Amino acid sequence: MPKFAANLTMMFNEVDFLDRFAAAAKAGFRGVEYLFPYPYDKHQLKERLEQYKLTQVLHNLPAGDWGKGERGIACHPDRVAEFQEGVGKAIDYAKTLGCQQVNCLAGIAPQGVAPEKVRQTFIDNLKFAAAELKKAGIKLLIEPINTIDIPGFYLNRTQQALDIIKEVGSDNLFLQYDIYHMQIMEGDLARTMEKNLRLIAHIQLADNPGRHEPGTGEINYPFLFSHLDRIGYAGWIGCEYKPAATTEAGLGWYAPFRPAA
């Protein structure tokens, strides 16, 4: 049976962020993820995880100035020192939180930079990050993201990510497969996940259109959940969706998977 992690950046927005840990646990989630832990004291976050018996499943590397529209800096040649500093910060937080994997957002491709330089910068940064994270026992993930939600995002298709993983050549670099993003960019969800299962360390979901909870759009989630069981996916599935109404009102899809008390 799939195991689901509540994404606290998007879910339970009815309460303040630090209160979302309690809300997620009350709703039956055993794991949580969110975009960035860095605005909060790491020990305060650890206390929430321990208090509510939650696993920190995932967070991202620092990704630049999110409020100003930056969506990652890993492909920016002029931000390498900042990227490397962010890797150290991510390791520090992940070790405190017991988080065993972090995601690297490639970022929006910088204007006026040759495509080959953008690609090489991304690859070099991933080589550095994968090696540093491996020393700490933490997996590095990369995630293709659709170019409708984030126009110009550098990494946007599964095969592109797989080619980059191969070129980096690290045994500590994996694919984060977001069903919502890949439905928009390429479809063929079940076959792609089965074909690349060995490299998929984390899956995320939302329905399309709208990026709401499963059952609100075109994606056949009951089939996909059964499919993931059949092919032996053992990782977490992050619920990175925007509830159509309140979070609680939209959790009907989760009822068959909610762990027993």
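The values are calculated or read from the model by the stated rules, or taken from the named source; none is laboratory data. Just so it is clear, the model here is predicted, and its values are computed rather than measured. Note: ideal-geometry Cβ built from the backbone for every residue, glycine included; neighbour counts use all protein chains shown. Areas reflect the complete protein model, heavy atoms only, side chains present, ligands, DNA and RNA absent. Shrake-Rupley method; radii C 1.70, N 1.55, O 1.52, S 1.80 Å.
Quick one: is residue 235 farther than 21 Å from residue 56 by Cα and among the small types (Gly, Ala, Ser)?
Values: farther than 21 Å from residue 56 by Cα: no; among the small types (Gly, Ala, Ser): yes.
Considered against the rule, which asks whether it is farther than 21 Å from residue 56 by Cα and among the small types (Gly, Ala, Ser), residue 235 comes out as no.
Filter segment 72-88 down to residues that are touching a residue at least 40 places away in the same chain (Cβ under 8 Å) and in contact with a Lys or Arg (Cβ under 9 Å, 6 or more places away or on another chain) and give me whichever is nearest to residue 164 (Cα to Cα).
Out of the qualifying residues, it is 75.
Return a yes/no flag: does segment 183-193 have any residue that is touching a Lys or Arg at 6+ places or on another chain (Cβ under 9 Å), in a helix (DSSP H, G or I) and either among the β-branched types (Val, Ile, Thr) or at pLDDT 95 or above (or both).
Kept after step one, since they are touching a Lys or Arg at 6+ places or on another chain (Cβ under 9 Å), are these residues of segment 183-193: 185-186.
Narrowing the set further to residues that are in a helix (DSSP H, G or I) leaves 185.
Now restrict to residues that are either among the β-branched types (Val, Ile, Thr) or at pLDDT 95 or above (or both): 185.
Within segment 183-193, one or more residues are touching a Lys or Arg at 6+ places or on another chain (Cβ under 9 Å), in a helix (DSSP H, G or I) and either among the β-branched types (Val, Ile, Thr) or at pLDDT 95 or above (or both).
State which residue pairs qualify: first residue among the hydroxyl-bearing types (Ser, Thr, Tyr) and inside segment 46-71, second residue surrounded by fewer than 21 Cβ atoms within 10 Å (Cβ to Cβ) and assigned to a loop (DSSP other than H, G, I, E, B) in any location, beta carbons under 7 Å apart, and separation of 6 or more residues or different chains.
55/30
Of the conditions (1) open to solvent by 30 Å² or more (accessible area, probe 1.4 Å); (2) more than 22 Å from residue 149 (Cα to Cα); (3) hydrophobic (A, V, I, L, M, F, W, C); (4) modelled with pLDDT of 95 or more, residue 57 satisfies every one except a single condition; which number is it?
(1)
Out of the residues in segment 89-123 that are farther than 24 Å from residue 178 by Cβ and in contact (Cβ under 8 Å) with a residue 24 or more places away in the chain, which is most open to solvent (accessible area, probe 1.4 Å)? Show your work before the answer.
In the first step, residues of segment 89-123 are kept if they are farther than 24 Å from residue 178 by Cβ; the result is 92, 95-96, 111-114, 116-117, 120.
Those left that are additionally in contact (Cβ under 8 Å) with a residue 24 or more places away in the chain: 92, 95-96, 113, 117.
Values: 92: 68, 95: 134, 96: 29, 113: 45, 117: 113 Å².
Ranking the candidates gives 95 first.
Exactly one of (1) out of contact with any helix residue (DSSP H, G or I) (no Cβ under 9 Å at 6 or more places or on another chain); (2) open to solvent by 50 Å² or more (accessible area, probe 1.4 Å); (3) not basic (Lys, Arg) is unmet by residue 44. Its number?
Residue 44 satisfies all of (1) out of contact with any helix residue (DSSP H, G or I) (no Cβ under 9 Å at 6 or more places or on another chain); (2) open to solvent by 50 Å² or more (accessible area, probe 1.4 Å); (3) not basic (Lys, Arg) except (1).
Of (1) closer than 22 Å to residue 203 by Cβ; (2) aliphatic (A, V, I, L, M); (3) touching an Asp or Glu at 6+ places or on another chain (Cβ under 9 Å), residue 129 satisfies all except one. Which?
(3)
Restricting to segment 1-34, give me the number of residues that are open to solvent by 60 Å² or more (accessible area, probe 1.4 Å), touching a residue at least 60 places away in the same chain (Cβ under 8 Å) and within 27 Å of residue 104 (Cα to Cα).
The total comes to 3.
Quick test for you: out of 190, 244, 201, 249, pick the one residue that is out of contact with any helix residue (DSSP H, G or I) (no Cβ under 9 Å at 6 or more places or on another chain), without any contact (Cβ under 8 Å) to a residue 40 or more places away in the chain, open to solvent by 10 Å² or more (accessible area, probe 1.4 Å) and of a type in the set (A, V, I, L, M, F, W, C). Please lay out each step first, then the result.
Working: 190 fails: out of contact with any helix residue (DSSP H, G or I) (no Cβ under 9 Å at 6 or more places or on another chain); 244 fails: out of contact with any helix residue (DSSP H, G or I) (no Cβ under 9 Å at 6 or more places or on another chain); 201 fails: without any contact (Cβ under 8 Å) to a residue 40 or more places away in the chain.
Within the list 190, 244, 201, 249, the selection yields 249.
Could you grab me the full set of residues in segment 147-179 that are closer than 20 Å to residue 239 by Cβ, open to solvent by 10 Å² or more (accessible area, probe 1.4 Å) and aromatic (Phe, Trp, Tyr)?
As a first pass, look at segment 147-179 and keep what is closer than 20 Å to residue 239 by Cβ: 149-150, 174-179.
Those left that are additionally open to solvent by 10 Å² or more (accessible area, probe 1.4 Å): 149-150, 174.
Within segment 147-179, 174 is the sole residue that qualifies.
Of all residues in segment 209-225, which are in a helix (DSSP H, G or I) and surrounded by 14 or more Cβ atoms within 10 Å (Cβ to Cβ)? Outline the logic, then answer.
Just the residues of segment 209-225 that are in a helix (DSSP H, G or I), to begin with: 221-225.
Within segment 209-225, 221, 224, 225 qualify.
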